[in-house]
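A.B. asks: Got a structure for you, questions after.
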Amino acid sequence: MRARVSDLLAGLSPSATLAVDAKAKALKAAGEPVIGYGAGEPDFPTPAHIVEAAAAACYDPANHKYTPTAGLPVLREAIAAKTLRDSGLEISPSQVLVTNGGKHAVATGFMTLLNPGDECIIPAPYWTTYPEAVYLAGATPVPVMTSEANGFRLTVEDLERVRTDKTKLVVFVSPSNPTGAVVAKEDVAAIGRWAAEHDIWVMCDEIYEHLTYDGVEHVSMPVVAPELGDRWIVVNGVAKTYAMTGWRIGWMIGAPDVMEAAITYQSQTTSNIANVAQRAAVAALNGGLDDVYAMREAFDRRRQIMVSMLNAIDGVNCPVPEGAFYAFPNVTGLLGRSFGGQVATSSSELATILLDTIKIAVVPGEAFGAPGFFRFSYALGDDQLIEGLERFADFVNAG
């Protein structure tokens, strides 16, 4: 009998972060007092001026029709202006493709650049989608573990360990999901020069560009490593910066010939992105960054609370994240210990125990290519953040 599902999709893993979030929400809906640290989703509402722009757009019949595949011209112009304003990268609006969120931009970028037999280097710990999207493009994901001692910041030495003559592309993300690591300007430039020297493309995921702390700054690799020429693509979106995860607006930027291919691909898959969401994104990008800075201040406060509380737990070691809104503690000190008669031998098993017993949902490091760690999002309200960590501490202390 023939298989009912294609071999390609049968080999695809589901999103671990979305799975944890879905399970936590299902338990909440059933009345369980679950506190979820799984999803990378700001708890703030989308700023009012953005919602108002979308509401007004609903009543304009022009927004009831298709848009150009690549996106509304006014949005592509806003993205080009925002890119110059925020990172100093000068592009033409014609180099922008509006996508169905940042994840869609990532997948489209891989589909545009990679061939079967190509290798794509993915620094670990990595966002769960990267290797699966490379797989869907027919290429081979090649994870390379960064050093915990170095704060999980990617280096040229890390990349050189796994480079082969099949290496076509490197994923570069700073600030990082899941670790919160931010690579220093001089090291970003060095990685760009390395890629140029070896004729390797770079995908720069800049989705967390505005979420940095303690005076640390994000820099865009094409700006600080001009040696790359045009062998780069930048992916980004409004989800994290403007608390717009549900609006599904991302984008991909690249060289004209690359973008022509990407736009053609989108024309045969998803066509254009929803008109009203695009109008909302225009309002977000043209509306300044005051709301962003207010949210960042709250994230910073939560970051400090979370790191302090995690490090106070015997067996947990949590470095201070410099960006994004995740903590990535090492929990190997808890493995093999008995907690209420239950013993976990992996971070995945421990995460299951925590959800079943004390009703906190975390994503185990296995999902990010880093067993022995947890990812805690601090994009949730202060009270729940603290209550869940108190449950965790009490669980460990009770043995």
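Just so it is clear, none of the values below were taken in a lab; they were calculated from the coordinates. Because the structure is a prediction, the values reported are computed rather than measured. Note: ideal-geometry Cβ built from the backbone for every residue, glycine included; neighbour counts use all protein chains shown.
A.B. asks: Through the Karplus equation 6.51 cos²θ - 1.76 cosθ + 1.60, θ set to phi - 60°, convert the phi angles of the range 324-335 into ³J(HN,Hα) values in whole Hz; use x for Gly and Pro.
C.D. replies: 6, 9, 10, 10, 10, x, 7, 10, 5, x, 9, 6
A.B. asks: Going through the cross-link list 25/103; 82/103; 25/240; 25/82; 23/103, which pairs have a Cα-Cα distance over 30 Å in this structure?
C.D. replies: Values: 25/103 22 Å; 82/103 20 Å; 25/240 20 Å; 25/82 35 Å; 23/103 21 Å.
From the list (25/103; 82/103; 25/240; 25/82; 23/103), the Cα-Cα distance tops 30 Å for 25/82.
A.B. asks: Rounded to whole Hz and in sequence order, give me ³J(HN,Hα) for the range 114-124 from the Karplus expression 6.51 cos²θ - 1.76 cosθ + 1.60, θ = phi - 60°, writing x for Gly and Pro.
C.D. replies: 9, 10, x, x, 6, 10, 10, 7, 10, x, 10
A.B. asks: Putting +1 on Lys and Arg Cβ atoms and -1 on Asp and Glu Cβ atoms, find which of 264, 198, 146 reaches farthest to the positive end of the dipole of the range 48-287.
C.D. replies: Result: 264, furthest along the dipole toward the positive end.
A.B. asks: So for the pair residue 337, residue 90, with labels modelled 7 Å out along Cα→Cβ, what separation do we get in nm?
C.D. replies: Placing both labels 7 Å along Cα→Cβ, they lie 5.7 nm apart.
A.B. asks: Continuing with this model, one more query. Using DSSP to call loops (not H, G, I, E or B), can you name the trypsin sites (Lys or Arg not before Pro) in the range 60-92 whose Cβ has at most 13 other Cβ atoms within 10 angstrom?
C.D. replies: On the way: sites: 65, 76, 82, 85; in loops: 65.
Within the range 60-92, the qualifying trypsin sites (Lys or Arg not before Pro) (loop, at most 13 other Cβ atoms within 10 Å) are 65.
A.B. asks: Using a 7 Å offset from Cα along Cα-Cβ at residue 349, what residues in the range 363-393 end up with backbone N under 13 Å from the label point?
C.D. replies: Taking a point 7 Å out along Cα→Cβ of residue 349, the residues of the range 363-393 whose backbone N falls under 13 Å are 372.
A.B. asks: Calculate the dipole size of the range 294-399 relative to its Cα centre from +1 charges on Lys and Arg beta carbons and -1 charges on Asp and Glu beta carbons; express the result in debye to the nearest 20. Numbers along the way, then the final one.
C.D. replies: Values: 8 positive and 12 negative charges, 25 e Å.
With only Lys, Arg, Asp and Glu charged at Cβ, the dipole is about 120 debye.
A.B. asks: Between residue 12 and residue 383, what is the label-to-label distance in nm when each label sits 7 Å out along the Cα-to-Cβ direction?
C.D. replies: Spacing of the two 7 Å Cα→Cβ label points: 4.0 nm.
A.B. asks: A further question follows. Charges on Cβ only, +1 for Lys and Arg, -1 for Asp and Glu, centred on the Cα centroid of the chain; of 289, 355, 213, which one is farthest towards the dipole's positive end?
C.D. replies: 355
A.B. asks: Percent of Cα-Cα pairs more than 23 Å apart in the range 48-287, please.
C.D. replies: On the way: 13398 of 28680 pairs.
The share of Cα pairs beyond 23 Å in the range 48-287 comes to 47 percent.
A.B. asks: Among 26-36, 296-306, what's the highest-first ranking by average C-beta atoms within 10 angstrom per residue?
C.D. replies: Values: 26-36: 14.3, 296-306: 17.9.
By packing density, highest mean first, the sequence is 296-306, 26-36.
A.B. asks: Okay, next question. Starting from the Cα of residue 56, step 7 Å along the direction of its Cβ; do the same at residue 214; then give the gap between the two resulting points in nm.
C.D. replies: Taking the simple label geometry, residue 56 and residue 214 are separated by 4.2 nm.
A.B. asks: Considering the chain as a Gaussian network with a 10 Å cut-off on Cα pairs, which listed residue, 250, 340, 151, attains the greatest mean-square fluctuation?
C.D. replies: In this elastic network of the chain, the residue with the biggest mean-square fluctuation among 250, 340, 151 is 340.
A.B. asks: Still on this structure: Tell me which residues come under 5 Å, amide H to amide H, from residue 375 once H is placed; ignore anything under 5 positions away on its chain.
C.D. replies: Here 363, 365 satisfy the definition.
A.B. asks: Can you list residues from other chains, or at least 5 along the same chain, whose modelled amide H is less than 5 Å from the amide H of residue 124?
C.D. replies: 144, 145, 146
A.B. asks: Still on this structure, please answer the following. If the only charges are +1 at each Lys and Arg Cβ and -1 at each Asp and Glu Cβ, what is the size of the charge dipole of the range 48-287 around the Cα centre, to the nearest 20 debye? Write down the numbers at each step before the final one.
C.D. replies: Numbers: 16 positive and 26 negative charges, 147 e Å.
Dipole size: approximately 700 debye.
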